[in-house]
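S.K.: Pasting a structure here, questions to come.
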Amino acid sequence: MSAWEPVIGLEIHMQLATVSKIFSGAPTAYGAEPNTQASLLDLGYPGVLPVLNAEAVRMACKFGLAVNATIASRSVFARKNYFYPDLPKGYQISQYELPIVSRGELLILDEDGREKRIGITRAHLEEDAGKSLHAGFDEFTRIDLNRAGTPLLEIVSDPDLRSAKEAVAYMRKIHTLVRYLGISDGNMQEGSFRCDANVSIRPRGQQALGTRTELKNLNSFRFVEKAINFEIARQREVLEDGGTVVQETRLYDADLDETRAMRSKEEANDYRYFPDPDLLPVDIDAAFIHSLRGTLPELPDAKRERFVAQYGIREADAEILTMSRATADYFELTVARSDPRLAANWILGDLSAALNRDGLEIDQSRIAPDQLAGLLARVADNTISGKIAKDVFEAMWAGEGSASEIIEARGLRQITDASAIEAVVDAVIAANPGQAAEYRAGKDKLLGFFVGQVMKDTRGKANPAEVNRILKERLKS
Amino acid sequence: MSLTKDQVRRIALLARLKLEESEFDDVVDKLSRIVDFVDQLQAAPTDGVAPMAHPLDQPQRLRPDTVTERIDRDAIQANAPAVKDGFYLVPKVLG
Amino acid sequence: MSEDAGALHVRTVTELARGIREGEFSATELTEALLERIRRFNENLNAFITVTGEQALAAAAAADKARKSGSAPPLNGVPIVHKDLFCTSGVLTTCGSRMLANFVSPYDATVVERLKNAGAVTLGKTNMDEFAMGSSNETSWFGPVTNPWDRSRSPGGSSGGSAAAVAGRLVPAATGTDTGGSIRQPASLTGTVGLKPTYGRVSRHGMVAFASSLDQAGVITRSAEDAATLLRIIAGFDERDSTCLDHPVPDYVAGLGRPLRDLQIGIVRQHFDEGLDPECAARIRESLDVLRDQGASLREVDLPNLALSVPTYYVVAPAECSSNMSRFDGVRFGYRADSPEDLLDLYCRSRGEGFGAEVRRRILTGTYVLSAGYYDAYYLKAQKVRQLINQDFRNAFRDVDVIAGPTAPTPAFALGEKTDDPITMYLNDIYTIGANLAGLPAISLPCGFAGKLPVGLHLVGPHFAEQRILNVAHQYQLLTDWHRACPEGFA
């Protein structure tokens, strides 16, 4: 165990999946032509005033409920003042002293597989800034304010994480949760789910925290893990060399797999937070919370536990199946007409592989749950072997029809008739007297050879269990 | 309480206001006078008094989540100081 | 053009609306007459930044058509002007600043929209202290406005242009904004009526923000009746402004007739000290006698924290302003410095060159009082004192219906007299600022002269008591003539 203990806190900035912006009626859809979704308010025009989006408030509260947090009965918007071209008003409307959500928690599994509680300090609403595009041919930076005003929920964890792996586990859990809740699409490539990490280390056993650095530009789970690991090692080296860690912001460079101090744009910012006088305090009462609670879906942990209990599948499989609501729903639809363990294997195996290969999400699957169930039924009733089923699966994926149709069309019915198999087995043994003798002499491994031959002669259609049984029987004598 | 030149320089930077050297002393003087003037507040008896951010004792109204803006970018940008291909332009920002 | 009392340019909004409605004269005639007066007088007054002659004549023609069709709105054809702080679609909106000297607004402020819909004809945008920061209309990029009563003197500010235009009989009414007294103080100095409604009574959508929790839109007119008429049109809920309340709008005109018999008037002990010009003090006392003769009762009230209202304001307003002004950076609209070296230079020079000295001073003050280490001592402290001031008023209004006193400590002062020391200028607002800090409705109305210069009587009411203060002002105007006095040369 290392002499140094890492202490990590994550700040996640997540775009809420509202249709319009947090303070204006401009659309939030991704990918529009520059500045075609920036209303006068989003452009910071004089005289235009913010009006709060009800759905953003509901979404923030749903998150709060899902992490057992306190939802403020009164929360306040504050101005965070600084100058940057993608911040048109010269201030960001955020929340400072009275955030809408505070003191929540999330359970993750630590490195040893034990449950660990991670505290969530707060989650607050704020508006996103626009985009600055620096790369280009000329001496200008281009500003696109389409994104300005998109609602964000900033989720701040307590510094309870103790390793990069824990950080990723926490981040994944939040990612899954918010997609379950339908409050964010969690799309890291499009920037709707962004993560900063605060990292420090201290001598194990020490209470006081070390100096922390803030890591930015972590836009994938993999980068989060790599960046944090790099930073922990870097800080350890600095301290072991007798130096001190400088409190600074560092960017992660994925190509070089290192963190680098950000070239400071200007001196340290004094944000001069004060309550935004254009907005009144947000009041949330018990009735509102109560009605919101009723709209929450079954959350991932509960669903995972139910899958294990109700379907008898493995914990690890349940974990993956419940990572997305879409996958979990697909599984349950399949299981309506098939064995759960078989369904789990196929969804996590062949279906997953096919989706990945073709770059599809599960709700774009070329095989629907009931169709998969049909295939699994044919396996379960021994119509075809598991191996043949894989071929049938590919044919279904290619659109050739249902499992039964393909099996009939290609004549893939498994041969289970004992006498038919016996005939082939006898023929194979007769054709391979040498190997038969060796087998009888004790070379058990040769069974595989005989199985292979029988399968070849039956074009894979013989029921493997029967083949094994009959071969063993016939070779004994 | 007089402000120092350094303080004023720092504040001017935070506020992104260029002050000419020739007006600097005057600005420091006038700001110091204003700060002196408002320092009167220090003596006010405000223990236990809640700050008043608003004359209104009302909660924030919520609006429905619908798209209500029809944005005519080109009309808006007709008056902009520096635009290209729909983007606003600023001198290149490094880092 | 007749020079008698019935001349078009001396008539009130109410009289003009009726005149058009009854066919005594056309909207076009009226608009032409006033545009002619503006041409004649504006060079001396400098009350206008933009005169929208063509658009006005087109609107007047449309008004004449509407009148014939019989479906005319209440203010059909009545000319009005807007303080250049209100956004007017397709028309220059400069806020009296170099920063917006070329800014054509893409939309109309709610106040502008509502008056347009009521049939009013916009003649132009009036001059003002830059971004509403000032009490003398001397900080405008477009030059100072002069007071029609004495051209060597200030008309007050920041709505100096609106006040001068109404006082000079160039227009019957004008919109203004009031953050610390910017409607009422110029009204007092120019012998006009200036109304600041309760905070939240009128929408701030389209009103360029100076200090968001203090700003309120209002009107400058020559009669309380006109102010009531216009308030009825501009007041009311607007979903585009979160701070605009959904409070029913009464028929303010219908309520003007209530007698003064049961009125309880509060006089603030702290008002009548050595800071108040003795002639002004005398006029105020005389006007209170008039009210008392009608059956009103006077009693003394105490606003113990009154002396702190100016320093409180000069922490809160600059703080909010420093943040509101940050959007002016030369990037998307407005003034942009030439050939900036880098981004920092773009910001610092666009803002340093685009803003005048008073605006820069307030931004710096505001930045200072919000900055790390000073927030608690200044901003937070000021908001607490603001609460004390609010409580003072609330306590006073338990015993009285309105609080009366002077609007300004002196009559109109000379141009250039107070520009050296900012504090001297700030103290002009000592009587008016409290109403902004507490969000209360207040009105200034002419109540006599100090020598040849008008004096204003100030009435403050509790929240949403516009009806009462308009009623008191109107009753006073039924008994006196001060509001009809016209500056020499402008008759």
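Each value in this text was obtained by applying a stated rule to the coordinates, not by laboratory testing. Everything quoted here is computed from the prediction, not taken from an experiment. Every residue, glycine among them, receives a Cβ derived from its backbone with ideal geometry; neighbour counts consider all protein chains shown.
S.K.: Can you list the chymotrypsin sites (Phe, Trp or Tyr not before Pro) in segment A:398-477 that are in a DSSP coil and have 14 or fewer other beta carbons within 10 angstrom? If you can, show how the numbers build up before the last one.
M.R.: Numbers: sites: A:439, A:449, A:450; in loops: none.
Qualifying residues, ordered by number: none.
S.K.: Now a separate question. Sequence gap at least 6, Cα distance under 8 Å: using those rules, report the relative contact order of chain A to the nearest whole percent. Could the numbers behind the result be given before it?
M.R.: Numbers: 833 pairs, mean separation 65.4, N = 477.
Across chain A, relative contact order equals 14 percent.
S.K.: Please report, in whole Å³, the volume per residue of the convex hull around the C-alpha atoms of segment C:284-335.
M.R.: About 163 Å³ per residue, rounded to a whole number.
S.K.: While we're looking at this one, here's another question. Quick one: what do you get for segment A:75-196 if you divide its Cα Rg by 2.2 N^0.38 Å?
M.R.: Segment A:75-196 yields a ratio of 1.25.
S.K.: With θ set to phi - 60°, apply the Karplus curve 6.51 cos²θ - 1.76 cosθ + 1.60 along segment C:114-119 and write out the HN-Hα couplings as whole Hz, x wherever there is a Gly or Pro.
M.R.: With the stated coefficients, segment C:114-119 comes to 5, 5, 4, 5, 7, x Hz.
S.K.: Restricting to Cα pairs below 8 Å that are 6+ residues apart, what does the relative contact order work out to for segment C:1-150? Please round to a whole percent.
M.R.: 25 percent
S.K.: Then there is this: Tell me what chain A gives for mean residue ellipticity at 222 nm when only DSSP H runs of n ≥ 4 count, each as -39,500 (n - 2.57), the sum divided by the residue total, rounded to 500 deg cm²/dmol. Could the numbers behind the result be given before it?
M.R.: On the way: 16 runs with 183 residues, N = 477.
That comes out to -11500 deg cm²/dmol.
S.K.: Next up: For segment A:417-475 and segment C:166-211, what is the centre-to-centre distance using only Cα atoms, to the nearest Å?
M.R.: 102 Å
S.K.: Out of all DSSP beta bridges with both ends in chain C, state the antiparallel percent to the nearest 5.
M.R.: Expressed as a percentage, antiparallel bridges in chain C total about 70.
S.K.: Once the principal axes of the Cα atoms of chain C are found, what is the range along each, listed largest first in whole angstroms?
M.R.: Principal extents (largest minus smallest coordinate, Cα): 63, 55, 44 Å.
S.K.: Taking 1 over the mean of 1/r across every pair of different Cα atoms in segment C:347-491, what Kirkwood radius in Å do you get?
M.R.: Computed over Cα pairs of segment C:347-491, the Kirkwood hydrodynamic radius comes out at 18.3 Å.
S.K.: Shifting gears a bit: Give the Debye-formula value of log10 I(q)/I(0) at each listed q (0.04, 0.08 Å⁻¹), with one equal scatterer per alpha carbon of the protein assembly as shown, two decimals each.
M.R.: Here the Debye-derived log intensity ratios amount to -0.29, -0.87.
S.K.: Please give the residues of segment C:330-345, grouped as numeric ranges, whose backbone N is less than 11 Å from a label point set 7 Å along the Cα-to-Cβ vector of residue C:102.
M.R.: Only C:333-338 pass the distance filter.
S.K.: Place a label point 7 angstrom from the Cα of residue C:279 along the Cα-to-Cβ direction, then list the residues of segment C:407-423 whose backbone nitrogen is under 14 Å away.
M.R.: In segment C:407-423, the label zone of residue C:279 (backbone N under 14 Å from the point 7 Å along Cα→Cβ) covers C:409-414.
S.K.: Using alpha carbon centroids, what distance separates segment C:253-328 and segment A:258-330, in Å?
M.R.: Cα centroid to Cα centroid, the span is 53 Å.
S.K.: Quick one: length gained pulling residue C:342 to residue C:299 fully straight, 0.36 nm per residue minus the C-alpha distance?
M.R.: Numbers: separation 43, 0.36 × 43 = 15.48 nm, distance 6.28 nm.
Length gained, residue C:342 through residue C:299: 9.2 nm.
S.K.: Take every Cα-Cα pair in segment C:189-261 and report what % of them are more than 16 Å apart.
M.R.: Here the long-distance tail beyond 16 Å is 53 percent of all Cα pairs in segment C:189-261.
S.K.: Shape call for segment A:213-352 from the C-alpha gyration tensor, a ≥ b ≥ c root eigenvalues: rounded (a/c under 1.5), prolate (a/b greater than b/c) or oblate?
M.R.: Cα axes put segment A:213-352 in the oblate bin.
S.K.: Another question about this same structure. What size of dipole, in debye to the nearest 20, comes out for the protein assembly as shown about its Cα centre when the only charges are +1 on Lys and Arg C-beta atoms and -1 on Asp and Glu C-beta atoms?
M.R.: Here the protein assembly as shown has a charge dipole of around 1480 debye.
S.K.: Here is a further query. Which net charge results when you count Lys and Arg as +1 and Asp and Glu as -1 among the other residues whose beta-carbon is under 15 Å from that of residue A:460? Spell out each step's value before the answer.
M.R.: Numbers: positive: A:378, A:387, A:390, A:410, A:413, A:456, A:459, A:461; negative: A:391, A:394, A:457, A:466.
Taking every other residue near residue A:460 into account, the sum is +4.
S.K.: Could you sort the peptides A:274-284, C:274-284, C:219-229 by per-residue average Cβ neighbour count (10 Å cutoff), highest mean leading?
M.R.: C:219-229, A:274-284, C:274-284
S.K.: Mind giving me the FRET efficiency for residue B:58 and residue C:307? R0 is 25 Å, r the Cβ-Cβ distance, nearest 0.05 is fine.
M.R.: For R0 = 25 Å, the calculated efficiency reads 0.25.
S.K.: Next question. Taking 8 Å as the Cα distance limit and 6 or more residues as the minimum spacing, I'd like the relative contact order of chain C as a percentage.
M.R.: The normalised contact order for chain C reaches 18 percent.
S.K.: Also, I was wondering about something else. Taking the Kirkwood radius as the inverse of the mean 1/r across Cα pairs, report the Rg/Rh of segment C:309-433.
M.R.: Value, to two decimals: 1.08.
S.K.: Take the Cα gyration tensor of segment A:290-361, multiply each eigenvalue by 5, square-root it, and list the three semi-axes largest first, rounded to whole angstrom.
M.R.: Details: eigenvalues 103, 49, 21 Å².
Over the Cα atoms of segment A:290-361, the ellipsoid semi-axes are 23, 16, 10 Å.
S.K.: Would you please calculate the Kirkwood hydrodynamic radius of segment A:429-477 over all C-alpha pairs and express it in Å, rounded to one decimal?
M.R.: Across segment A:429-477, the inverse of the average 1/r is 10.8 Å.
S.K.: I've got another one for you. Using θ = phi - 60° and the Karplus curve 6.51 cos²θ - 1.76 cosθ + 1.60, what whole-Hz ³J(HN,Hα) does each residue of segment A:210-225 get, with Gly and Pro shown as x?
M.R.: Each residue's phi maps through the Karplus curve to give x, 5, 10, 10, 10, 9, 10, 6, 9, 10, 7, 4, 4, 5, 4, 5 Hz.
S.K.: Follow-up question, since we're still on this one. Using amide H atoms built 1.01 Å from N in the peptide plane, name the residues 5+ places from residue C:124, or on other chains, whose amide H lies under 5 Å from its own.
M.R.: The list, which skips near neighbours in sequence, is C:52, C:82.
S.K.: While we're on this one: Hey, got a sec? Which GluC sites (Glu not before Pro) in segment C:312-408 land in a DSSP loop and have at most 12 other Cβ atoms within 10 Å?
M.R.: Here the GluC sites (Glu not before Pro) that fit, given the DSSP loop and packing criteria, are C:341.
S.K.: To make sure I understand the rule: partners must be aspartates and glutamates, Cα under 15 Å from the Cα of residue A:476, and not fewer than 8 residues away in the same chain. Which ones qualify?
M.R.: The reachable aspartates and glutamates, counting only those whose Cα sits under 15 Å from residue A:476, are A:422, A:426, A:438, A:444.
S.K.: What ranking, highest mean first, results for peptides C:412-425, A:239-252, C:34-47, C:109-122 when packing means the other Cβ atoms within 10 Å averaged over each residue?
M.R.: Result, highest mean first: C:109-122, C:34-47, C:412-425, A:239-252.
S.K.: Another question about this same structure. Please give the residues of segment C:295-309, grouped as numeric ranges, whose backbone N is less than 17 Å from a label point set 7 Å along the Cα-to-Cβ vector of residue C:261.
M.R.: Under cut-off, by backbone N: C:295-298.
S.K.: Using per-residue counts of other Cβ atoms within 10 Å, averaged over each peptide, order A:312-318, C:402-408 from highest down.
M.R.: C:402-408, A:312-318
S.K.: Moving on. Take the alpha carbon atoms of segment C:356-433, find their center, do the same for segment B:64-94, and report the distance between the two centers in whole angstrom.
M.R.: That distance is 38 Å.
S.K.: Go ahead and estimate [θ] at 222 nm for chain C from helices alone: -39,500 (n - 2.57) per DSSP H run with n ≥ 4, summed, over the residue count, rounded to 500.
M.R.: -11500 deg cm²/dmol
S.K.: In terms of modelled amide H atoms, which long-range or inter-chain residues lie less than 5 Å from the amide H of residue A:5?
M.R.: Correct list: A:202, A:204.
S.K.: Next up: Quick one: if you stick a label point 7 Å off each Cα along the C-beta vector at residue C:424 and residue C:58, how many nm between them?
M.R.: A separation of 4.7 nm, rounded to one decimal place.
S.K.: If you take the Cα atoms of chain A, find Rg, then find the Kirkwood Rh from the mean of 1/r over all pairs, what is Rg/Rh? The partial results should precede the final answer.
M.R.: On the way: Rg = 29.5 Å, Rh = 26.6 Å.
Reported Rg/Rh, Kirkwood definition of Rh: 1.11.
S.K.: Also, I was wondering about something else. Check which residues have an amide H placed less than 5 Å from residue C:78's amide H, if you skip close sequence neighbours.
M.R.: C:121
S.K.: Sticking with this structure for a sec: Exceeding 18 Å between C-alpha atoms, which entries from my cross-link table qualify? They are A:387/A:456; C:83/C:196; C:83/C:418; B:30/C:196. Walk me through the numbers on the way to the answer.
M.R.: Numbers: A:387/A:456 13 Å; C:83/C:196 14 Å; C:83/C:418 23 Å; B:30/C:196 30 Å.
The pairs that break the limit, which is 18 Å between Cα atoms, are C:83/C:418; B:30/C:196.
S.K.: What are the ³J(HN,Hα) couplings of segment A:422-437, residue after residue, when phi is run through the Karplus curve with 6.51, -1.76, 1.60 and θ = phi - 60°? Round to Hz, x for glycine and proline.
M.R.: 4, 4, 5, 4, 4, 4, 5, 4, 5, 6, 10, x, x, 5, 4, 5
S.K.: How much space per residue, in cubic angstrom, does the convex hull of the C-alpha atoms of chain B take up? The partial results should precede the final answer.
M.R.: On the way: hull volume 27.3 nm³, N = 95.
Dividing the Cα hull volume of chain B by its residues yields 288 Å³.
S.K.: Taking a temperature of 25 °C and a viscosity of 0.890 mPa s, what whole-number D in µm²/s does Stokes-Einstein yield for segment A:358-425 with Rh from Kirkwood over alpha carbon pairs?
M.R.: On the way: Rh = 12.9 Å.
Answer from the Stokes-Einstein relation: 191 µm²/s.
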